[in-house]
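A short write-up of the structure that comes next.
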Amino acid sequence: MLEREPKQWHTLILLDSGRQVTDFVNAQSLSSLVLRFDDVEGPSPNLLPPSGLQIAQALTYAKGKERLLVSCRAGRGRSVALAYLITYQARGVADALAVLDPTRHRPNRLVVRLGESVLEKPGALSAFDDWCARHAHIQLSDYYDEMEKEFEALEAQGATNRICP
């Protein structure tokens, strides 16, 4: 997206705690915020969980940005949880839930929980938990072949990870 549409997007990049972002992000983005934490939902040896301060930074950064790209390594946990919160903050629960796709996403509950404590509108976590309960029967593994085909099609078009080495 950043390569096809340079200087058209603000970016919110979530990296694993030990990763670095390339110069590509700043060169291609209108503005960017990079946060480093691992996709964990509690204490885990050698992994860094998200903090309330980081989630507050992300929500503050996102306010008022029309074209915002939120990205993490896999695009199914941390970034989706933040996209949910950002949409909840801007447009409410119905639009926020519409961001979630149970065949592709397993949003990070800790990110959502921390986000609700930052937001001035309660209800983000309970709506999220209800969504999770309604879709608990869906297994991502049932959709891996479909996702793999999408990745292969992108690679055939020349797409590569240019955000982190």
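See the values below:
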item	result
Odd one out for ALA94 among (1) without any contact (Cβ under 8 Å) to a residue 12 or more places away in the chain; (2) in a loop (DSSP other than H, G, I, E, B)	(2)
Qualifying residue in the stretch 46-58 (condition: out of contact with any helix residue (DSSP H, G or I) (no Cβ under 6 Å at 6 or more places or on another chain), modelled with pLDDT of 95 or more and open to solvent by less than 20 Å² (accessible area, probe 1.4 Å))	no
Residues within the stretch 142-162 that are at pLDDT 70 or above, part of a loop (DSSP other than H, G, I, E, B) and open to solvent by less than 90 Å² (accessible area, probe 1.4 Å), tallied	1
Any hit, the stretch 72-89, residues being free of Cβ contacts under 8 Å to residues at least 24 places away in the same chain and open to solvent by 80 Å² or more (accessible area, probe 1.4 Å)	no
Within the stretch 90-104, considering residues that are in contact with a Phe, Trp or Tyr (Cβ under 6 Å, 6 or more places away or on another chain) and open to solvent by 20 Å² or more (accessible area, probe 1.4 Å), the one nearest to PHE128 (Cα to Cα)	LEU97
Qualifying residue in the stretch 134-141 (condition: surrounded by fewer than 21 Cβ atoms within 10 Å (Cβ to Cβ), at pLDDT 95 or above, assigned to a helix (DSSP H, G or I) and out of contact with any Gly (no Cβ under 8 Å at 6 or more places or on another chain))	yes
The listed residue being open to solvent by 90 Å² or more (accessible area, probe 1.4 Å) and at pLDDT below 90, out of ARG4, ARG19	ARG4
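The values are calculated or read from the model by the stated rules, or taken from the named source; none is laboratory data. This structure is a prediction, so every number in the text was calculated from the model and none was measured. Backbone-built Cβ (ideal geometry, glycine too); neighbour counts: all protein chains shown. SASA here: full protein model, heavy atoms, side chains in, ligands and nucleic acids out. Shrake-Rupley method; radii C 1.70, N 1.55, O 1.52, S 1.80 Å.
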